[in-house]
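Here's the structure we're looking at; comments come further down.
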Amino acid sequence: MITLVWAQSQNEVIGKEGKLPWNIKQEMQHFIDYTRGKTVLMGRLTWESLKLKPLPNRKNIVITRKGLDFEHKNLEINNNLEIVLKDFKNSSEELIIIGGKQIFDIAINFADKLVVSYIYENYDGDIFATKIPDNSFKVLDIKKFDEFEVITYERK
Ligand SMILES: NC(=O)c1ccc[n+]([C@@H]2O[C@H](COP(=O)([O-])OP(=O)(O)OC[C@H]3O[C@@H](n4cnc5c(N)ncnc54)[C@H](OP(=O)(O)O)[C@@H]3O)[C@@H](O)[C@H]2O)c1
């Protein structure tokens, strides 16, 4: 099973200069709570935004064609995104795709579930959210927080 998790501003920004453009504690806590204990997958640029440390208590898969000069017990480096996606698509284990844009654009075609934080403010940025294809997903749940709401979608 494959879940995409991202946060976007009102103007659909997800990143700026290789980082998140905001620092919203409650949103980060939501991300930590949702991903805890699960396997997370990210592109190499998102990995670099984590300051080269795997997210703790989770298996981290980093997708890169160039490879990484880094080893850690919680880190798997993989150059074939589609094979990883196909493996998890047929598994009951949840794989959480945590970005960035290059990875979301491919993985959305395999996603069973989307967990999207919609931040109520506009932010400047240079990377924008992947479009959710029309008529492919339905809303399962909406949770409201002070500065954002989280909408969970499942594939129709
Ligand atoms: N708001 C959010 O929820 C959120 C979440 C995550 C990231 N972000 C932001 O998004 C930005 C980064 O996103 P991005 O789109 O620029 O980069 P990215 O998707 O994180 O990483 C891109 C890299 O992944 C590898 N890659 C991509 N497609 C591949 C494929 N099919 N096969 C093998 N490797 C592949 C390549 O690595 P190599 O060059 O090493 O080959 C590529 O340079 C940052 O600003 C980050 O903060 C935001």
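The values are calculated or read from the model by the stated rules, or taken from the named source; none is laboratory data. Predicted model, so just to flag it, every value in this text is computed and none were measured. We place every Cβ from the backbone using ideal geometry, glycine too, and count neighbours over all the protein chains shown.
Overview of values
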| quantity | calculated |
| --- | --- |
| Ile61 more than 22 Å from Met1 (Cβ to Cβ), outside any helix (DSSP H, G or I) and β-branched (Val, Ile, Thr) | no |
| Positions within the stretch 22-45 being polar (S, T, N, Q) and under 20 Å from Tyr120 (Cβ atoms), in sequence order | Asn23, Gln26, Gln29 |
| Search result, residues across the stretch 103-118 that are farther than 17 Å from Thr35 by Cα, more than 10 Å from the ligand (Cβ to nearest atom) and not in a strand (DSSP E or B) | Ile108, Asn109, Phe110 |
| Residues (of a type in the set (Val, Ile, Thr), within 11 Å of the ligand (Cβ to nearest atom) and either modelled with pLDDT under 95 or assigned to a helix (DSSP H, G or I) (or both)) located in the stretch 3-57 | Thr46 |
| Count of residues meeting criterion [aromatic (Phe, Trp, Tyr), closer than 14 Å to Glu27 by Cα and in a loop (DSSP other than H, G, I, E, B)] in the stretch 119-154 | 2 |
| Of residues in the stretch 104-128 being farther than 15 Å from Thr3 by Cα and aliphatic (A, V, I, L, M), the one farthest from the chain's Cα centre (by Cα) | Ile119 |
